[in-house]
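Undergrad: Quick one: the structure is below, and I'll ask about it shortly.
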Amino acid sequence: MRIAYLTGEYPRATDTFIQREVTTLREMGVDVHTFSVRRTGDEHIVGEEQKQERDRTFYILPPNPIILLLAHLSLLLASPTRYLQAIKLAFSTSQPGLRGVLYQLFYFLEAGVLAKQIKQRQIVHLHNHIVEASGTVAMLAAEMGGFTYSFTLHGPYIFFRPHQWRLDEKIKRSLFVCCISHYARSQGMIFAPTDKWNRMHIIHCGIDPALFDVVSHNDSGKRLLFVGRLAAAKGLPILLESLATLRRSHPDTSLTVVGDGPDRQKLEQITAELGLSQNVNFVGYKSQAEVRDYFQQTDVFVMSSFAEGIPVVLMEAMAAGVPVVATQIAGISELVKNGVNGYLVPPGDTASLTEHIEKLLNDAKIRAAFGTAGRAKVEKDFNIHHEVARLHRLMTSTLQGHVEPIRPDYQQKQVLLTQYEMVTTSGHESTNPL
């Protein structure tokens, strides 16, 4: 099976879950061709795995005018009807105003380059991650090229402006939709006609727990860790205020911040204003292997976000046996069970965040218990081999014309993992529109 994967920017340091999904599909024998609207900046190439993926990815932008013209001319001559239908679809799903029309023109032009590449490579299906701008490109390319497409529905940002990005039309036209959580699926169901609900399947982003060594919890806790993009949605000022309070009773408490983003300078300024410069270390983007090393050097992982899907980094922390404190938003409660494998706190509540971090810092037994339960949860419900095996079966069955029914549970995961192991041992090698 030869398929295409598209995102707006691939591979990014913040989207390692897409890279893992692609790699695991390839290990299962799927011929995956990766496409990206924009070329990834060097700041995201933090490991050899990112470099290899960037080198083998086709980038639509910046456009070569001759290639752009020939792609669209070829598609028009091959099927004038499909091409005109794609034009109609582009303008019927355009965002309001002149700017919306202009952006939609960009998406249409990009879609032509993508569609031509997919047809030249004899690819049978296109799958999209991050359904906003690149999702529009995928939808238009599929219409123009006459092939099927699907997408993974993450959230949370698409749910802020679902009408603007025409989530309803994208669901209606897709062969199937992978929803990373029950929360994401329920939000998509709001905009999908009821007869399309059976196309929407729960397929988690996942990790390989075998890559993570379990930390020990013998000493008193004092090391906090945050990993993520430094942007407003992550709520880091709340965590910094919490640390300022914690320092009164735990003066040696430190916070390591792994990641980068538009708010880094502002966050460093807040850190200084709170007198935390000696307690907080901003280390920038790190490779997957380096992040695993940071888990081994921490006592509590903290996520103070205001908006998330189900963060993969939470899965990673729990796989390493690190207890977590996270905000009770979106699909996080489908991973973190409050008082069982971590603590959930209200978003924006500094006092509650401080209280629950302090509970874990003070009690190594609770940290160990949460760590053990957290790893078990990830192994059971967020193992990438389970999830990609199910995705593989879903792709295979739907491309053969069979729609898989909804299953609310995961009883067949062990069967899917066995199928994955059989395949991998059989000899396969392993929102700016511009």
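Here, each number is a calculation from the coordinates, and none is a lab measurement. Just so it is clear, the structure is predicted and the values come from calculations on it, not from any experiment. Don't worry about glycine lacking a Cβ; one is built from the backbone with ideal geometry, like all the others, and counts go over all protein chains shown.
Undergrad: Determine, for each peptide in 119-130, 305-316, the mean count of other beta carbons within 10 angstrom over its residues, then list the peptides with the highest first.
TA: So the order, starting with the most tightly packed, is 305-316, 119-130.
Undergrad: Amide H to amide H, which residues 5 or more places from Thr34 or on other chains are under 5 Å from it, using H placed in the peptide plane?
TA: So Thr34 has HN proximity to Tyr5, Phe58.
Undergrad: Pull up all non-local amide H partners of Phe151: gap of 5 or more, or a different chain, and H-to-H distance under 5 Å with H placed in the peptide plane.
TA: Asn128, Phe176, Cys178
Undergrad: From the residues Leu140, Ser74, Asn281, which one has its Cα farthest along the dipole of the chain in the positive direction, the dipole being from +1 and -1 charges on Cβ of Lys/Arg and Asp/Glu about the Cα centre?
TA: Highest projection toward the positive end goes to Ser74.
Undergrad: Something else now. Output the pairs from Lys286/Lys380; Lys286/Lys365; Lys222/Lys337; Lys337/Lys359 with a Cα-Cα distance over 19 Å in this structure; if there are none, say none.
TA: Over 19 Å Cα-Cα: Lys286/Lys380; Lys286/Lys365; Lys222/Lys337.
Undergrad: To continue, here is another question. Answer with one residue from Ser249, Gln265, Ala364: the one whose Cα lies farthest towards the positive end of the charge dipole of the stretch 209-381, charges on Cβ with Lys, Arg +1 and Asp, Glu -1.
TA: Looking along the dipole axis, the top candidate is Ala364.
Undergrad: For a quick protection proxy, order the peptides 370-377, 177-184, 96-103 by their average other-Cβ count within 10 Å, most packed first.
TA: 177-184, 370-377, 96-103
Undergrad: Using only the Cα atoms of the stretch 90-201, build the gyration tensor, take square roots of its eigenvalues as a ≥ b ≥ c, and label the shape rounded, prolate or oblate: rounded if a/c is under 1.5, else prolate if a/b is larger than b/c, else oblate.
TA: Judged from the Cα gyration tensor, the stretch 90-201 comes out oblate (a/c at least 1.5, b/c at or above a/b).
Undergrad: Another one. Among all the lysines, which ones have a C-alpha under 22 Å from Lys170's C-alpha, if same-chain residues fewer than 8 places away are not counted?
TA: Lys88, Lys116, Lys119, Lys196
Undergrad: Any aspartates and glutamates with Cα under 13 Å of the Lys234 Cα? List them, leaving off those in the same chain fewer than 8 positions away.
TA: The qualifying aspartates and glutamates are Asp260, Asp263, Glu308.
Undergrad: Next question. Do you know the relative contact order of the stretch 94-197, to the nearest whole percent, from alpha carbon pairs under 8 angstrom that are 6+ apart?
TA: Dividing the mean separation by the residue count of the stretch 94-197 yields 23 percent.
Undergrad: Any chance you could get the radius of gyration and Dmax over the Cα atoms of the stretch 209-381, in Å?
TA: Over the stretch 209-381's Cα set, Rg and Dmax evaluate to 14.5, 43 Å.
Undergrad: In angstroms, what radius of gyration and Dmax does the chain have, counting Cα atoms only?
TA: 22.3, 73
Undergrad: Something else: Taking each pair of distinct Cα atoms in the stretch 275-350 once, what is the resulting Kirkwood hydrodynamic radius in Å?
TA: Taking every pair of different Cα atoms in the stretch 275-350, averaging 1/r and inverting gives 13.3 Å.
Undergrad: Amide H of Gln328: which non-local residues (sequence gap of 5 or more, or other chain) have their own amide H closer than 5 Å, using H built in the peptide plane?
TA: Here the answer is Val345, since their amide H atoms fall under 5 Å of that of Gln328.
Undergrad: Which residues does the label zone of Arg2 cover in the stretch 126-147, counting backbone N under 16 Å from a point 7 Å along Cα→Cβ?
TA: 126-127, 146-147
Undergrad: In whole percent, what relative contact order does the stretch 209-381 give with Cα contacts below 8 Å and a gap of six or more residues?
TA: 28 percent
Undergrad: Considering the options Gly374, Phe306, Ser333, tell which one lies farthest towards the positive end of the dipole of the stretch 209-381, charges being +1 on Lys and Arg and -1 on Asp and Glu at the Cβ, about the Cα centre.
TA: Gly374
Undergrad: Another question, if that's okay. Between Leu69 and Ala232, how high is the FRET efficiency from 1/(1 + (r/R0)^6) when r is the Cβ-Cβ distance and R₀ = 35 Å? Nearest 0.05.
TA: After rounding to 0.05, the efficiency reads 0.30.
Undergrad: I've got another one for you. How would you rank 187-194, 133-140, 152-159, 10-17, highest first, on the average number of other Cβ atoms within 10 Å across their residues?
TA: Top of the packing list down: 133-140, 10-17, 152-159, 187-194.
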